[in-house]
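Note sheet for the following structure.
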Amino acid sequence: MIGIREKIGYGFGDMASSMFWKLFGSYLMIFYTDVFGMPAAVVGTMFLITRVWDSALDPIIGVIADRTQSRWGKFRPYLLYLAVPFAVIGVLTFTTPDFSDGGKVIYAYLTYSLMMMVYSAINVPYASLLGVMSAEPRDRNTLSTYRMTFAYIGSFIALLLFMPMVNQFSKGHGEQHGWMMSVIVIAVLCVLLFYGCFAWTAERVRPIKERQNSLKGDLHDLLHNRPWWILLGAGVAALVFNSIRDGATVYYFKYYVIEEEYASVSLFGISFVLSGLYLAVGQAANIVGVVLAAPLSNCIGKKRTYMWAMSIATVLSVFFYWFNKEQLMLMFVFQVLISICAGSIFPLLWSMYADCADYSELKTGNRATGLIFSSSSMSQKFGWAIGSAVTGWLLAFFGFEANAVQSEEAIHGIRMFLSWLPAMGTVLSVIFISMYPLSEKEMGKITNQLNDKRK
């Protein structure tokens, strides 16, 4: 039985990861275009190149983690040793050096590439922990729920407070200083959370055979794992949906809604802008989706819950296109509804990855938990890479100009980013998950057979 402290501890890990991940998804594009000073098309290309390259690295990290032997287990040591590098490189990514335009591009490529690599190096082992903390599917559903709840809490805090911190730190120093100092605050908190995750979790599940399979054997088993391929496709499509919506939000409110024409909302002496509130409300609604995911999936199954959530998100996203810039209430209401749907699918995906590890172990005798779970990080990066690249390229295609009044064509494109384009991602995700074969009944059989073999 997994205790409450361990569930919270596991949640701390994704709380840390998600704080930075949401900063990348929601603010890094506009940081590079409006603060750092890079063209949108160049940023889009950089996102695609670095993330695709880094995605290919994820399975390698998974393989290395599977072969790690230490007194703390296979996966927990990475939380201990990589927390500080994760924080330091994150700060460097949001730092603007006094270089030429070409020098800035090189600096951005280097720091962003390093950030994505260290993110993988700590996040793949962290994700893999889910597969070895408990062998029970219901425990995994619960752990996934805690993971995603804390992830969204972290995202909520980061998105709500980030721009107010930027504005505060910028006073008397400049905008670039404000961005860097705000990231430093987030980075310190992330280090503490990773250490908490390391201290409060434990690895319990041992493979049927202790002898490690060869790398060739691991890859062969993975490539013949049909449920894994299906989840990879569904995960990529879901992240395309999320990345386009998150990455375009600040542009939508800055250039379409014209948020500077509205009075900022002040709480406890802190001023919040509309885009920050919109993103933060979405994260709060994500938590509602996470909480609903476990009881719904236990009632109607993971697959059906996923398909219904993404189908509803598709319809709601399409309707978003017809909102005019004065319909703020409708924008926020639809953001809540769409985010509830989006929040419910990710704990289901993590739980299904653990099921894939069990499926692989029963079929091949080889568990390869780290390699299986590396696909979660890989799908994240592929999804964000595609979504971010498309956002950058289409901004350039529609004639976007940073810090200027936008043309009608550019405004049309920005509206598409919160409606039709993410809807394409949800449709693809539904198509993929409809083919997923590991039902609750099937997993019950697999779990019983594995337990018999471990006795």
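We did not get these values from a lab; they are worked out from the coordinates using the rules stated. Because the structure is predicted, anything quoted here is derived from the model rather than measured. Cβ coordinates were reconstructed from backbone atoms using ideal geometry, including for glycine residues, and neighbour counts include every protein chain displayed.
About the Cα centre of segment 1-148, what is the dipole size in debye to 20, counting +1 per Lys and Arg Cβ and -1 per Asp and Glu Cβ, all else neutral?
Here the size comes out at about 540 debye.
Beyond 19 Å, what percent of the Cα pairs of segment 99-233 remain? Can you show the working numbers first?
Values: 6342 of 9045 pairs.
Taking all Cα-Cα pairs of segment 99-233, the fraction more than 19 Å apart is 70 percent.
How many nm is it between the label spots at Phe319 and Arg206, if each spot is 7 Å from the Cα in line with the beta carbon?
5.5 nm
No solvent, one uniform scatterer per C-alpha: report log10 I(q)/I(0) for segment 296-453 via the Debye equation at q = 0.11, 0.20 1/Å, two decimals.
With no solvent term, the Cα-only Debye profile gives -0.58, -1.30.
Cα atoms only: what Rg and Dmax, in Å, come out for segment 139-209?
17.5, 62
Kirkwood hydrodynamic radius (Cα pairs, Å) of segment 1-50? Walk me through the numbers on the way to the answer.
On the way: mean 1/r = 0.0768 Å⁻¹.
Averaging 1/r across every pair of different Cα atoms and inverting gives 13.0 Å.
Please give the contour-minus-distance gain from Gln69 to His173: 0.36 nm per residue of separation, less the Cα-Cα distance, rounded to one decimal in nm.
Values: separation 104, 0.36 × 104 = 37.44 nm, distance 4.77 nm.
Full-extension gain reported as 32.7 nm.
Bins of 5 Å, beginning at zero and ending with the bin holding the largest distance: percent of Cα pairs per bin for segment 354-426, please.
Calculated P(r), rounded to whole percents: 3, 14, 16, 14, 10, 9, 8, 7, 7, 5, 4, 1, 0.
Please work out, to two decimal places, the log10 of the ratio I(q)/I(0) at q = 0.19 Å⁻¹ from a Debye calculation in which every Cα of segment 22-170 carries one identical scatterer.
With one equal scatterer per Cα and no solvent, log10 I(q)/I(0) is -1.27.
Find the percent of Cα-Cα distances in the chain that exceed 35 Å, and round it to a whole number. List each step's numbers first, then the result.
Details: 27126 of 103285 pairs.
Every Cα pair in the chain considered, those over 35 Å come to 26 percent.
Find, among the trypsin sites (Lys or Arg not before Pro) in segment 33-134, those assigned to loop by DSSP (not H, G, I, E, B) with at most 16 other beta-carbon atoms within 10 angstrom.
Numbers: sites: Arg51, Arg67, Arg71, Lys74, Lys104; in loops: Arg67, Arg71, Lys74.
Of the trypsin sites (Lys or Arg not before Pro), the ones in loops of segment 33-134 whose Cβ has at most 16 other Cβ atoms within 10 Å are Arg67, Arg71.
Per residue, how big is the convex hull around the C-alpha atoms of segment 20-105? Give it to me in cubic angstrom, could you? Mind showing how you got there, number by number?
On the way: hull volume 9.3 nm³, N = 86.
Roughly 108 Å³ of hull volume per residue.
List the chymotrypsin sites (Phe, Trp or Tyr not before Pro) within segment 114-192 that fall in a DSSP loop (any state other than H, G, I, E or B) and whose Cβ has at most 13 other Cβ atoms within 10 Å.
Working: sites: Tyr119, Tyr126, Tyr146, Phe150, Tyr152, Phe156, Phe162, Phe169, Trp179; in loops: none.
Passing sites in segment 114-192 do not exist.
Give me the number: length gained by fully extending Glu442 to Ala56, i.e. 0.36 nm times residue separation minus the C-alpha to C-alpha distance, one decimal in nm. Walk me through the numbers before you get to the answer.
Values: separation 386, 0.36 × 386 = 138.96 nm, distance 3.09 nm.
Full extension of this stretch gives 135.9 nm more.
How far apart, in nm, are the 7 Å Cα→Cβ label points at Ile106 and Tyr195?
3.7 nm
Please report the spacing between the Cα centers of segment 18-69 and segment 150-194 in Å, no decimals.
18 Å
I'd like the GluC sites (Glu not before Pro) in segment 324-432 restricted to DSSP loop residues with at most 10 other Cβ atoms within 10 Å, sorted by number.
Values: sites: Glu326, Glu361, Glu401, Glu408, Glu409; in loops: Glu326, Glu401.
Sites meeting the loop and neighbour criteria: Glu326.
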